[in-house]
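The values are calculated or read from the model by the stated rules, or taken from the named source; none is laboratory data. Being a predicted model, the structure only gives us computed values, none of them experimental. Because the Cβ atoms are built from the backbone with ideal geometry, glycine has one as well, and the counts that use them run over all protein chains shown. Heavy atoms of the whole protein, side chains included, go into the accessibility calculation; ligands, DNA and RNA do not. Shrake-Rupley method; radii C 1.70, N 1.55, O 1.52, S 1.80 Å.
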Amino acid sequence: MQTALPGGSAAPGSPAAAGAALLAVAALVVAGALFLGHGSSDGPLLWLGGGALVAASAALAAALLGRLPWPAPTRLGGLSLLLFAALVVWIGASIWWSIEPDASWNALNRYLAYLAFACLGLFVGACLPGAPRAFARTLAALLGLLLAWSLLSKVAPTLYEDGGRIARLRFPVGYWNALALLGDVALALALWVAVESRRPVVRAAAVLLLYAAIVATVLTYSRAGLGIGILVVGLWLALTRRSLESLAALFLAGLPALAVSAFALTRAGLADDDQSLAARTHDGRLFGFALVAGALAVWYAAFFVARWAERPVVSERRARLLVRWTLLALGAVAAAAIAVVLVRAGGPGPWLDGRVDELTRSPREVSQESSRLTSLNSSHRWTWWGIAWHQFEQHRLEGTGAQTFDLSHRLFRRTATPFATEPHSFPLQLLTELGVVGFVLGTGALAAALGALARLREPASVALSIGVAAYVLHALIDIDLDYVAVSAPAFLALGVLLGAERPARLGAERSWLWAAGALGLALAALSSLASPWLASRRLDQATAAIGEARLARAAELASDAHTLNPLAVDPLFVQAGAESARGNDREAERLLRKALATQPLNARTWYELGTFELETLRRPAPAY
C-alpha cells in the first residue's frame, strides 16, 4: 500500500509522504490552538478550522481519485464519526428555530471545525505508518512547551496582564480548568514515553513533563482536573504492562512536584487573589528558584534511573505485585484520612448531608483561591443544570437552538445566579439547546468513540485514548467544547486513532466529479466560517467610522456586516445609530424593528427600540 525508500523514509507522492504532510498540518493546528486559541473566542476557528478543512478535503479528493487510501475505521469508529457529522447537520438546522440564530451559526462553525479536525486525523491515521506514535510524540512535545510557558507566567507575572487579579494558573489557554485538562492529557503521554522509550534522555524528558504537568495542574486549583488526573494515572497503571516503571516515574516526578506546589501555596503572591505586582514578582522569583531546583533534581534522578534500568531487575509478575501492594498502601492511607474526617464530622451521615448541601444548595460563590481544593461547592453548576433541565422540558424535541443557553438563562432564571454561556455539562447542553435528537446524536457519538478506543492495546494508542477519555469525562461537568485549545487535540487524536484502527486500502478510482463535489462542500464550509468573521471586522470598522464622524461610511460598513451575517442584530444597531445621526430617523426605526423581528426574545432588541422611541422620537408611550 505504501512505497518506502531505503532507510524507512517515504517516497515522494506515496501515501506515507502524504500522511507525514498531513501530520505536519495537524501539528500546526495543535500548536496554534494551544498557544493562540484566545480562550473561547470564535476568531481562531477561521484559520485553525479552515486549515484543517482544506487539508482534510484535499486528502478526501485524493482518496476519491484513488491516489490516497481510504480510512477503514471499525464499525464503532465509523458510527461515531457518522453520528457526529449528523450532529453538525442538526446544529445547522437549529438555526431555523433558534432564539438566537447568530449564536447557533457560530456553534455550527465551531462544530464544523471540530469535524474537520477529526477528518484530518482520520487521514493521518490511514496514510502514515505508526501514526498514533508519531502524533502522541508531537502532542507530548507541544504540551511540554505549553506547560513550561504557563509556569513561566508565575515566575514572570507580567507575561499575563490579568495575572494580578486572580491567582489561579490559566495562561495561555485563558481558563484554569481547560489548562488542568491539558495537564491530565500530558500525564498519560508522559507516562507512555517514560516507560516505552529506549533512550535515557527521552525518558528523563518525559519524567520532567510529568513534573511540570503535576505542578501546573495543582496551581490551577481545578478540583475536576486533579480528580481526573488521578483517574488518568489509574487507567494507565491498569492498562500498561510496564506498571512498575510507570510508578517509579510517578514517584520521581511527583514528590518534587508536590513539594514545589506546596511551597507555592504558602506564598500570598502566588496563591492569593488581588495581590500587587511587587508581591507577585517577589514570590514569582522564589517560585522560579524552587521550580528550577525541582526540575534539575527530577532530570538527574530520572536520567540516572533510566540508564540504570536498561535491564529488567524483576519479572513482570513480581512488578505487578509490587505495584499492587504500593497502590493498596496508598489506598489504606487515603482510607485512614477519610476515616479521620468522618469521625471529626460526627459520622458518615452528618458528613454526607453536609457535602450534599454544599454541592446542591450552597448560595455563595466558591473561593477562587487554594481553599477551593477542599470544597465540594458546585460553583453554581447545580443551579445551571436545573435551568437547563427546565428548558429541555419546554422544548423536548428540538431545543432552543445551538449555543443559546446564555439567552435562555437570562430569560428564565428565577434566582440571582450569575449568568453563564453554557450549563457546564455537555449532555445537558445538548438537551436544552438541541433537544432529544441532539442528545441522542451527541452522546451516541461519544459512546461509540469510547467503545472503539477501548479495544486498542498498542501503548501509544492507549495513552492517546486515555487523553480522549479524560476530555469526554471532563466535558460532563465543564465547557471544554468552547475551548479550541483542548478540543483540537482531542478531535485530532480521536481521528488518528480511528484511522489507524485497521489497515487502509486504496479505493477504486472515481470520477473527477466526486472530487469536485468534495472540494465544493469544503468551500461552502469555509465560507460559513469566514462570513461571521468578516462581518465582525466590518462592524468594528463601522464603529470606528462613527467615532470619526464618517456617518455615511459607517452606515455602508454596517450594511455590509449585516449582509455577511444577516442573523446578527449588532450590525442593525450600528447602522441604525449611523442613520439616526444623519437625521434618517425613519430608516433607523425600520432597522431597529428589523432587529426586533430577527430576535424577538432578545431583551436588547426591545431595549434599543424603546430607547430610540424615547430619546429620538420623543414618544414615551410606545417607549414604555
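Which Rg and Dmax, in Å, describe the Cα atoms of the stretch 581-624?
When restricted to Cα atoms, the stretch 581-624 yields Rg and Dmax of 10.1, 29 Å.
Round to a whole number: what % of the accessible area of the stretch 142-227 belongs to carbon and sulfur, probe 1.4 Å?
64
If one takes the longest principal axis of the Cα atoms in the chain, at what angle in degrees, from 0 to 90 and to the nearest 10, does the Cα axis of helix 200-219 lie?
Taking Cα atoms only, the helix is inclined about 50 degrees.
At a probe radius of 1.4 Å, what is the per-residue accessible area of W382, in Å² to the nearest 10?
120
Would you mind pulling out the separation of the Cα centroids of the stretch 61-130 and the stretch 535-565, in Å?
Each part reduced to its Cα centre gives a spacing of 34 Å.
Evaluate 2.2 N^0.38 Å with N set to the residue count of the stretch 147-194, then give the Cα radius of gyration divided by it.
1.25
Mind checking the per residue accessible area of the chain for me, 1.4 Å probe, whole number of Å²?
Value returned for the chain: 46 Å² of accessible area per residue.
If you place +1 on the Cβ of every Lys and Arg, -1 on the Cβ of every Asp and Glu, and leave all else neutral, what size is the dipole of the chain about its Cα centre, to the nearest 20 Debye?
1920
Rounded, prolate or oblate: which fits the stretch 150-270 when a ≥ b ≥ c are the square roots of the eigenvalues of the alpha-carbon gyration tensor, with rounded for a/c under 1.5 and prolate only if a/b beats b/c?
Because a/c hits 1.5 or more and a/b exceeds b/c, the stretch 150-270 counts as prolate.
Could you give the spread of the C-alpha atoms of the chain along their three principal axes, from largest to smallest, in whole angstroms?
88, 71, 46
Using a simple spin-label model with points 7 Å from Cα along the Cα→Cβ vector, what separation in nm is obtained for L476 and R455?
About 2.4 nm, to one decimal.
Can you give the percent of C-alpha pairs in the stretch 442-559 whose distance is more than 23 Å? Spell out each step's value before the answer.
On the way: 4103 of 6903 pairs.
Cα-Cα pairs in the stretch 442-559 separated by more than 23 Å: 59 percent.
Quote the FRET efficiency, to the nearest 0.05, computed for E615 versus D406 with a Förster distance R0 of 41 Å and r equal to the Cβ-Cβ distance.
0.90
Checking the a/c ratio against 1.5 first, then a/b against b/c, what shape does the Cα gyration tensor give for the stretch 48-139?
Values: a/c = 2.12, a/b = 1.98, b/c = 1.07.
Since a/c reaches 1.5 and a/b is larger than b/c, the shape of the stretch 48-139 is classed as prolate.
Along Cα→Cβ, 7 Å out, is where each label goes; now give me the distance between the ones at R550 and R372 in nm to one decimal.
4.4
In whole Hz, what ³J(HN,Hα) sequence does the stretch 134-140 give by Karplus (6.51, -1.76, 1.60; θ = phi - 60°), x for Gly and Pro?
Rounded to whole hertz, the list is 5, 5, 5, 4, 4, 5, 4.
Using only the Cα atoms of the stretch 212-287, what semi-axes does the equivalent ellipsoid have when each is the square root of 5 times a gyration tensor eigenvalue? Give whole Å, largest first.
Here the semi-axes work out to 31, 13, 7 Å.
Let a ≥ b ≥ c be the square roots of the eigenvalues of the Cα gyration tensor of the stretch 85-243; is it rounded (a/c under 1.5), or, if not, prolate (a/b larger than b/c) or oblate?
Since a/c reaches 1.5 but b/c is at least a/b, the shape of the stretch 85-243 is classed as oblate.
Under 5 Å between amide H atoms, partner at least 5 residues away or on a different chain: which partners does W70 have, H built in plane at 1.01 Å?
Sorted by chain and number, the residues that satisfy this are R505, L506, G507.
For L328 and L82, what does the FRET efficiency come to when R0 = 30 Å and r is the distance between their Cβ atoms, rounded to the nearest 0.05?
0.10
Can you give the accessible area of F304 in Å² (nearest 10), computed on protein heavy atoms with a 1.4 Å probe?
140
Please compute the length gained on full extension between L397 and W514, using 0.36 nm multiplied by the number of residues separating them and subtracting their Cα-Cα distance.
Using 0.36 nm per residue and subtracting the Cα-Cα distance, I get 38.6 nm.
Loop only by DSSP, 14 or fewer other Cβ within 10 Å of the Cβ. Give me the trypsin sites (Lys or Arg not before Pro) in the stretch 493-560 that pass, ordered by residue number. Mind dumping the intermediate values first?
Values: sites: R505, R510, R537, R538, R550, R553; in loops: R510, R550.
Listed in order of number, the matching sites are R510.
Roughly what would the spin-label model give for I166 and L258, points 7 Å off Cα along C-beta, in nm?
2.8
With angles folded into 0 to 90 degrees, how steeply does helix 15-36 sit against the dominant principal axis of the chain? Use alpha carbons for both and round to 10.
Taking Cα atoms only, the helix is inclined about 70 degrees.
For the stretch 501-549, state which GluC sites (Glu not before Pro) are in a DSSP loop and have at most 13 other beta carbons lying within 10 Å of their beta carbon.
Loop-located and lightly packed - E509, E548.
By how many degrees, between 0 and 90 and to the nearest 10, does the Cα long axis of helix 101-127 differ from the longest principal axis of the chain?
30
Using the scaling law 2.2 N^0.38 Å as the reference, what is the normalised Cα Rg of the stretch 374-442? Intermediate results must be reported in sequence, preceding the final value.
Working: Rg = 11.7 Å, N = 69, 2.2 N^0.38 = 11.0 Å.
Cα-based Rg divided by the globular estimate yields 1.06.
Note the full-extension length gain between L36 and D274 as 0.36 nm times their separation in residues minus their Cα-Cα distance, in nm to one decimal. Don't skip to the answer; put the middle values down first.
Numbers: separation 238, 0.36 × 238 = 85.68 nm, distance 2.61 nm.
Once the chain is fully extended between L36 and D274, it gains 83.1 nm.
Starting from the coordinates of the alpha-carbon atoms of the stretch 412-506, obtain the Kirkwood hydrodynamic radius over all distinct pairs and give the value in Å to one decimal.
About 14.9 Å for the stretch 412-506.
Computed FRET efficiency, Cβ-Cβ of S528 and W47, R0 22 Å: what is it to the nearest 0.05? Display every interim value, and only then the final one.
Numbers: r = 14 Å, r/R0 = 0.65.
It comes to 0.95.
Just the number: Rg to Rh for the stretch 526-613, Cα atoms, Kirkwood Rh, two decimals.
Details: Rg = 12.5 Å, Rh = 12.8 Å.
That ratio equals 0.97.
Compute the whole-percent fraction of alpha carbon pairs in the stretch 156-223 spaced more than 17 Å apart.
The proportion of pairs with Cα distances above 17 Å equals 47 percent.
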